[in-house]
Amino acid sequence: MTFRPYAAFTAAALAITVTTSVAAQDFRALASQDLVTAQEEIRENHPALVAGGAEAAAFRSYLDTGLAEAQALIGQVNSGDSHAYLMRYFAAGFRDSNLRITPTFDLLGPYFGISWGGVTTGWRNGEYVVTHVADGVRRGPRVGSVVTECNGVPIEEFAMEKLDRWEGDLTTEAGRVRSAPYLLWNRNNPFTRGLPQTCKFREGRRTRDIELQIQPVNPQALEAAYRATVYMPGDVPLAVEQVNGRPWVHAHSLSEDADWTAFNASIVAQADALRGPQGFVLDLRGANGSEFTSTRRAYGLVNRIWTPEFTVSRQPVAGDVTYRVSQDNRDWFADTLARMEADPLFVEENPAIIEETRAVVEAFDASLAAGQQSFVLPGRPPVADTGAPNPVQGPVIVLVDAGCAGGCLDVLDLLVNLPNVRIAGSTTAEDSIFIEPTILRLPSNYADLTYGHKAWTSRERGNNEPHQPAEGLRYTGNPADEAEVRTWVSSLFGG
């Protein structure tokens, strides 16, 4: 998309090494300072403060109440981990998937826990279902049973208190899916319930009260339990293989750390096979495209298969973009422009982007001089159909799940416009219309605030709206059972 140009340079410039001893810090004071700074930065620069619509109104109302809510919990902050949890809780309350506060040090990984009862749950068809029971658990629930309450609290209330905003946004399907394994784990969050003592499990028509017995904890057991519940990409995220007689393109990462050079070369070498009448699978499960360049990489993959001449007229209409006028936002664009102009290769290859960014800086200067709070610029105009033929002859299944985020959503906005393409799997993640992030190091040096500094107010896909497979293309089986997934996907081709 045109709204994510060269800004990755600013992110790279913010790589600051944390050298202060964590043990020596007063984390309560640091949390207090970080919360106030984050709120002030958001108030002064976030486009939701000047945009219209219900989402922006809710955002503004939370700005003060959310700060007070988080400040009331500061007394329980006593470590780097608890500081990170409180920052995440405050940021998640905005319900803006592009706004987050993340630690600058290694935090708890996705498989971390300090205690558990050997039972793990997944979010399945609107319920918390047991997906894994560790070896050695006696008198535990069966895999497939449904959790209905814990410690006498209805499970929805229990989950909202323990998981919402701490581990994920439970107002979204993706947030439910990614955080569900932690429902019955103790993740060492001092603000919420740990391991429940007893829970009710429904097995068919029967409901049983089960006391959860603490089981030995080791990283391998917790990782196995999580991977038995939520799809996680393997060690080779980019690859092409033959599955049930047709190509299966794996693109489970949009990170620049992946081997894109070799992968793109293999796509070009196998382009004729991909375009054949048998069709192919484009597997985007787990493709978290949170980096600036992730959209470009995803578009590059699609264009190598369909050709840019065919896709250019089918890209989503850009429409208008609303810019929040502030000195900080103006400086962000001015700094980005300076970095562009200092790179001779970028100047040679991207003159249009440089002119676009220069026009944005000039609009900021004019708006600041006039005392305006915002201005609107049109996005790239739609391109007329070039008449280029569709090189892809067969049907295409694009496989997605809750791990498809960021740039993955951007490329899905294009893919849904291509002929013979069907989106299958489960509901993706979501992203807000507040785009192109500013990244700010908070005073503690232990956290970064990230927020979108302009609003794509006319985006075809709504604010925080995911992509959802149509009826008949929704996978309801075990996402971690790869053989089952492949058999199901093959059936979508009629064979």
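The values are calculated or read from the model by the stated rules, or taken from the named source; none is laboratory data. Keep in mind the model is a prediction, meaning the values are calculated, not measured. Cβ coordinates were reconstructed from backbone atoms using ideal geometry, including for glycine residues, and neighbour counts include every protein chain displayed. Each accessible area value is taken on the protein alone, full model and side chains, heavy atoms only, with ligands, DNA and RNA left out. Shrake-Rupley method; radii C 1.70, N 1.55, O 1.52, S 1.80 Å.
Express the carbon and sulfur contribution to the solvent-accessible surface of the chain as a percent, rounded to the nearest whole number, probe 1.4 angstrom.
Details: 10550 of 20980 Å².
Carbon and sulfur together cover 50 percent of it.
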Distant-in-sequence amide H partners of Ile433 (H built 1.01 Å from N, under 5 Å): Asn464
Net charge of Cβ neighbours under 9 Å - reference Gly289; Lys, Arg +1; Asp, Glu -1: -1
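Counting Lys and Arg as +1 and Asp and Glu as -1, what is the net charge of the other residues whose Cβ lies under 14 Å from the Cβ of Pro395? Don't jump to the answer; show the numbers that get you there.
Numbers: positive: Arg246, Arg275, Arg422; negative: none.
Summing Lys/Arg as +1 and Asp/Glu as -1 gives +3.
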Phi to ³J(HN,Hα) by Karplus 6.51 cos²θ - 1.76 cosθ + 1.60 over the range 291-297, Hz, x for Gly, Pro: 7, 4, 8, 5, 5, 4, 5
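Two decimals is fine: what's Rg over Rh for the chain, C-alpha atoms, Kirkwood radius as Rh? Numbers along the way, then the final one.
Details: Rg = 23.8 Å, Rh = 24.4 Å.
Result for the chain is an Rg/Rh of 0.97.
To the nearest whole percent, what portion of all C-alpha pairs in the range 341-495 is separated by more than 20 angstrom? All intermediate terms of the calculation are to be shown ahead of the outcome.
Numbers: 8154 of 11935 pairs.
The calculated P(r) of the range 341-495 puts 68 percent of pairs beyond 20 Å.
Work out, step by step, the length gained on full extension between Thr148 and Ala239: first 0.36 nm times the residue separation, then minus their alpha carbon distance; give nm to one decimal.
28.7 nm
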On a full-extension model of 0.36 nm per residue, what is the gain between Glu203 and Asp26, subtracting their alpha-carbon distance, rounded to one decimal in nm? 58.9 nm
Simple spin-label model, 7 Å along Cα-to-Cβ: Asp413 to Asp343 in nm? 2.1
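If R0 is 22 Å, what FRET efficiency do you get for Ala57 and Asp328 from their C-beta distance, rounded to 0.05? Could you put the intermediate results ahead of the total?
Details: r = 23 Å, r/R0 = 1.05.
That gives a FRET efficiency of 0.45.
So what is the accessible area of the range 227-341 per residue, in Å², with the probe set to 1.4 Å? If you can, show how the numbers build up before the last one.
Working: 4450 Å² over 115 residues.
Accessible surface, normalised per residue, equals 39 Å².
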Label point distance in nm, Ala366-Glu482, each placed 7 Å from Cα along Cα→Cβ: 5.5
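I need the Kirkwood Rh of the range 346-428: take the reciprocal of the average 1/r across all distinct C-alpha pairs and report it in angstrom.
Working: mean 1/r = 0.0591 Å⁻¹.
It works out to 16.9 Å.
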Whole-Å distance linking the alpha carbon centroid of the range 53-130 with that of the range 294-360 is 32
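Under unit Cβ charges (Lys, Arg +1; Asp, Glu -1), what dipole magnitude, rounded to 20 debye, does the range 312-359 have relative to its Cα centre?
Working: 5 positive and 10 negative charges, 49 e Å.
That gives a dipole near 240 debye.
May I ask you to compute the full-extension gain from Asp135 to Ala271, defined as 0.36 nm times their residue separation minus their alpha-carbon distance, rounded to one decimal in nm? Before the final figure, lay out each step's value.
Working: separation 136, 0.36 × 136 = 48.96 nm, distance 4.61 nm.
In short, 44.4 nm is gained.
Tally Lys and Arg at +1 and Asp and Glu at -1 over the other residues with C-beta under 11 Å from the C-beta of Val485: what net charge comes out?
Numbers: positive: Arg285, Arg486; negative: Asp283, Asp401, Asp481, Glu482, Glu484.
Here the count lands on -3.
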Note, the range 133-145: 3J(HN,Hα) by Karplus (6.51, -1.76, 1.60, θ = phi - 60°), whole Hz, Gly/Pro = x, goes 10, 5, 4, x, 6, 9, 6, x, x, 8, 4, x, 6
Calculate the FRET efficiency for Glu69 and Ser374 from the Cβ-Cβ distance with a Förster distance of 22 Å, rounded to the nearest 0.05. 0.20
